[in-house]
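Structure, as structure tokens:
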Amino acid sequence: MTKSEQEKKEKVVIAEKEQVEAPVEEEKDEKTVVQEIAVTKITPDITKRLEAPFEKIRWRIQSSVKGRKDPEKLYGIYMAYIDQRDVTDRLNEVVGADNWEFAWQEIQVSTESYIEPEIEGTWKNVPEKKIVKTKYAVKGILTVMGNTKEDVGYAVMEEDKAPLKSAVSDALKRCGVQFGIGKFLYSLGTQVIELDPKTKKPKDASHIEKLENMFNTSPRVVADQDL
């Protein structure tokens, strides 16, 4: 074998060796990155960003009551809330989609039944009906940058077309709150808005817009003195 042929053979052997070793080295690097992500701690800056108020706050009516001084008037009691999209969007924005994960386990399906009168306001001399509610309970497990929080979400089958899905979403929201997402909502309390007695909608639509864009506790839109 000539010297030239020997050099060509050595180059072929080296090239084949590099092709075999390269993927192994790449796989090692990938595992190292995953391990580094898993042990990353949540810094005060990240916590502050997770807890920050949303640009637009969601509100929904919890109940309605007639005015105490003027029974002809109707008021809606509104509470702020978040949904599962708010939680996932905030996590993706602050820590990145690869740095958090959510898992859930169905832990209980219970049935409750009780008697309720068909006419509100009195328990005497009125027909009664049996109410049955099937409640789903789901344990949520949210891990953010190696830190895990757990909480339980609920949904009632008779009140929801997709109770299991709603229970999972509720569990994610509750876990998100443990990381500070939506924590600011507790400072807002309830808000009172006058409703149109016929449509049961806000008499002045601008009141809802003001609520959606508030970022801290502010005077109530409608005074409570009439309730």
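Summary of computed values
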| read-out | value |
| --- | --- |
| Rounded Å value of the spacing that divides the Cα centres of the stretch 135-210 and the stretch 89-112 | 14 |
| Linear extension gain, ARG85 paired with LYS66, 0.36 nm per residue minus alpha-carbon span | 3.4 nm |
| Pairs from LYS161/LYS198; LYS133/LYS201; LYS41/LYS133; LYS73/LYS135; LYS149/LYS203; LYS139/LYS201 whose Cα-Cα separation, in the structure shown, is over 30 Å | LYS41/LYS133; LYS73/LYS135; LYS149/LYS203; LYS139/LYS201 |
| Computed E for ALA162/LYS48 - FRET, C-beta separation, R0 25 angstrom, nearest 0.05 | 0.10 |
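Here, each number is a calculation from the coordinates, and none is a lab measurement. These figures come from a predicted structure and were not determined experimentally. A quick note on method: Cβ atoms are made from the backbone with ideal geometry, for glycine too, and the neighbour counts reach across all protein chains shown.
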